[in-house]
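Only the coordinates and a few stated rules stand behind these numbers; no lab work does. Quick caveat: nothing in here was measured; it's all calculated off a predicted structure. Cβ placement follows ideal geometry from the backbone for every residue including glycine, while neighbour counts extend to all protein chains displayed.
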Amino acid sequence: MPILQKLMLPNMKMPDNHIKSALAYFKDELKAHYDAQEIESMSSILFEHYFRLSKTDIMLHPDKKLSESELLKVIFAVKQLKDFRPLAYIIGEWEFYGLPFKVNESVLIPRQETEELVQLILKENQQHSALKILDIGCGSGCIAISLKSHLPSAQVAAWDVSEAALEVATKNAERLKQSIHFKKVNVLTVNANEMEHYDIIVSNPPYICDFEANSMDKNVTAHEPHLALFVPDDDALLFYRKIGELAQQKLLPSGKLYVEINERLGEEVVQLFKQQGFQLVELIKDIHQKDRIVKASCSKPS
C-alpha cells in the first residue's frame with residue numbers, strides 16, 4: 001500500500017485493512033485529543049457514514065477487509081480530527097430531526113438543542129394547516145426544512161445574510177424535496193414594510209458574547225462561522241431586539257415567536273420581549289435543564 005505508507009509518520013503504527021484494525025487505529029490515535037466516550041461516538045458515526053457498518057456489524061465481522069481508498073478515509077479523518085476539525089465537516093453531513101443535512105464551514109453544525117426548538121413548534125402547531133412560517137438566520141436550513149417536512153401545508157420562508165449559507169440550505173431543500181422560499185436578508189437592516197405577515201417567526205440567531213470564545217471548544221471557534229455565533233459583549237441582545245420589533249409588526253394576531261437563546265440571557269430576553277409589548281412570554285428549559293428557548297405571542301390565549 002504505497003500511498004498509505006507515504007502518509008504515515010515514521011513512528012506511527014499503520015493499520016492493516018481489517019475493520020478491527022482500522023477501528024483500533026482510529027481510537028488509539030485520538031485518545032490524547034478526545035475523551036473515550038466522544039471517540040466512541042465519532043467512530044460509530046464515521047464507520048456508519050463511510051462504510052455503512054454499525055457497531056453490531058463490526059462486532060460480527062471484525063475481519064471484514066477495507067480497500068486502500070477506504071482506509072485512506074479513516075486516516076484522513078484522524079488527521080483532521082487531531083486538528084480539531086468537526087466530524088460533521090469531515091464527512092460533510094449531519095443528522096437533524098431525523099433528516100441528513102449537508103454541512104460545511106459556511107454553516108453551523110445542527111445541534112440537539114435546536115431539535116428541541118423544532119419539536120416545540122411542531123407540538124404546539126401540528127393541528128394547524130396552511131401556516132406561514134419565517135425562519136430568520138436559517139444557516140443549513142435545518143429548522144425551516146424540518147418544519148416543512150412535518151407541516152407539508154405550511155408556506156415556509158427562510159432568510160440568511162450569508163450567500164454561502166443560503167447555497168447550502170437551498171441544496172439541502174432540493175435533496176430533501178422540500179419547498180422553501182430562501183432569501184438573502186440582513187435582519188438588522190430589513191424594513192418591516194417589505195415583509196409579509198406570518199403565523200410563526202422562528203430564529204436561532206447569533207447569541208454568544210465575544211468574551212465567551214475563550215472558554216469554548218477549539219473545534220467550534222476555529223472552524224464554525226463566527227458570523228452565525230457571536231455578538232458584541234456590549235450588545236448581547238442585538239438580534240433579539242430587532243427580531244422582536246419585526247415580530248411585533250408582522251406576526252398575525254394569533255401568531256407566535258420562538259427563539260433559541262444563550263442560557264445566560266434567558267431572563268433578559270423575556271424582559272425585552274415584554275417591554276416590546278408581547279402579552280405572553282415564556283422561558284423554556286432544554287433537556288439539560290438550561291434556559292434555551294423563549295416563546296412569545298402578541299395576544300393572550302382566550
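Where Rh is the Kirkwood radius over the Cα pairs of region 131-262, the temperature 10 °C and the viscosity 1.306 mPa s, what D in µm²/s does Stokes-Einstein return? All intermediate terms of the calculation are to be shown ahead of the outcome.
Working: Rh = 15.4 Å.
In µm²/s, the coefficient is 103.
Of 280, 108, 17, which is farthest on the positive side of the dipole of the chain, counting Cα position, with +1 on Lys and Arg Cβ, -1 on Asp and Glu Cβ, and the Cα centre as origin?
Final value for the positive-end residue is 17.
Considering only the other residues whose Cβ falls under 12 Å of the Cβ of residue 104, what net charge follows from Lys and Arg at +1 and Asp and Glu at -1?
Working: positive: 85, 102, 171; negative: 93, 105, 167, 224.
Charge balance near residue 104 sits at -1.
Here are several values of percent of Cα pairs over 33 Å apart: (i) 49; (ii) 19; (iii) 32. Which one was derived from the coordinates shown?
After the calculation, the listed value that fits is (iii).
Check each of the trypsin sites (Lys or Arg not before Pro) in region 28-131 and keep only those in coil by DSSP with at most 15 other C-beta atoms within 10 angstrom; list them in order.
On the way: sites: 31, 52, 55, 64, 65, 73, 79, 82, 102, 111, 123; in loops: 31, 52, 64, 111.
Here the sparse-neighbourhood loop sites are 31, 52, 64, 111.
Counting only other residues whose beta carbon sits under 9 Å from that of residue 203, what net charge do I get with K and R as +1, D and E as -1? Could the numbers behind the result be given before it?
Working: positive: none; negative: 135, 260.
Combined, the nearby Lys, Arg, Asp and Glu give -2.
Projecting each Cα onto the charge dipole of region 162-302 (Lys/Arg +1, Asp/Glu -1 at the beta carbon, about the Cα centre), which of 247, 179, 297 comes out farthest on the positive side?
Most positive-ward Cα: 179.
By average Cβ neighbour count within 10 Å, what is the ranking of 250-262, 179-191 from highest down? Mind dumping the intermediate values first?
Values: 250-262: 20.2, 179-191: 14.1.
Order by mean packing, descending: 250-262, 179-191.
Compute the signed sum of charges (Lys and Arg +1, Asp and Glu -1) over the other residues within less than 13 Å, Cβ to Cβ, of residue 30. Mind dumping the intermediate values first?
Details: positive: 27, 31, 79, 82, 85; negative: 28, 29, 35, 38, 40, 83.
Cβ neighbours under 13 Å give a net charge of -1.
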